[in-house]
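For reference, the structure is listed below as structure tokens.
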Amino acid sequence: MSLLQIKNVAKRFGGLNAVNDVTFDVKHGEMAFIVGPNGAGKTTLFNLITGVYPLDSGSITFDGHDISRIHPDGAAKLGIGRTFQIVKPLRNLTVLENVMLGAFLRTSSSSVAEREAAKTLKFLEMGNVMHLPARGMGLPTLKRLEIARALATKPKLILLDEVVAGLPTAEALKLAGLLKRLNEWDIAAVGGVEHVMPVVMKLADRVFVLNHGTLIAEGTPQDVVRMPQVIEAYLGPKYKELIR
């Protein structure tokens, strides 16, 4: 049984079909990536899964629960974590305190929240900065902090929205190496990215390609990057030369 099932999901904003009859599933412990050009519908789809927007049609099932009409707090309690494109830490708190806020979803004990937050930060190789204020941290650290806050909620599924956007390639690949280990925590992940294909190739078990809100391809990353419709709509002709 799949952890997440998206069936014929659609969302319109006026005359724009932001998500158009999309169907796919994500298995337990799987690392999947939704890729596509800017405006393809990736973030809108994440907002539908987490209850930020209501569906216009279709259905979403998570861990056996119909979440088609869920609200964001309900999605978090069921086990759906989420990061955002623009990082927004509480800059007057320490890194550890920021992550503790996520841990409080599962406990009311400060000591338990602190222990879980510290565990998460060490997993993301942030133990050396956990007691420092979030203010003044560089983008690579803030990206990891965003992930840590989501992981501290103990999700079964985490949605990673443009999680490596703005990072140098070396830093992006380093972070990808850590994310590859999420299955050790029995966490499935769905990443939404624009143009960071080296990370997708390193991480993904499966890739789903969106273009103008429509799912145009799916498969392993090795297969997807060779599909003519993906090269034309997303990767461009120059990328075709790199995969010969």
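Here is how the numbers come out for the structure above:
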| read-out | value |
| --- | --- |
| In Hz, Karplus ³J(HN,Hα) per residue of the stretch 216-229 (6.51, -1.76, 1.60; θ = phi - 60°; x = Gly, Pro) | 9, 6, 8, x, 5, x, 5, 7, 4, 5, 9, 6, x, 5 |
| Per-residue HN-Hα couplings for the stretch 209-214 [Karplus 6.51, -1.76, 1.60; θ = phi - 60°; Hz; x = Gly/Pro] | 10, 9, 8, 6, x, 10 |
| Principal axis box of the chain, alpha-carbon based, largest edge first, Å | 52, 41, 34 |
| FRET efficiency, LYS119 to ASP25 (Cβ-Cβ, R0 25 Å, nearest 0.05) | 0.25 |
| Dipole axis of the chain (+1 Lys, Arg; -1 Asp, Glu on Cβ), positive-most option in GLY138, ASN17, LEU157 | GLY138 |
| Förster radius 22 Å - calculated FRET efficiency between HIS195 and GLN222 (Cβ-Cβ, nearest 0.05) | 0.75 |
| Total charge dipole magnitude, the chain, about the Cα centre, Cβ charges on Lys, Arg, Asp, Glu only, Debye to nearest 20 | 420 debye |
| Fully extended contour minus Cα-Cα distance, from SER2 to ALA170, at 0.36 nm per residue | 57.2 nm |
| Bridge type composition, the chain - antiparallel percent by DSSP, nearest 5 | 55 percent |
| Neighbour cut-off at most 15 other Cβ (10 Å), DSSP loop, trypsin sites (Lys or Arg not before Pro), the stretch 1-90 | LYS27, ARG69 |
| Furthest towards positive pole of dipole, ASN92, LEU215, ILE6, structure part the chain, Cβ charges | ASN92 |
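Throughout, read-outs are computed from the coordinates displayed, never taken from laboratory work. As the structure is a computational prediction, the values presented were derived from the model and not from experiment. Ideal geometry is used to build each Cβ from the backbone, glycine not excepted, and the neighbour counts take in all protein chains shown.
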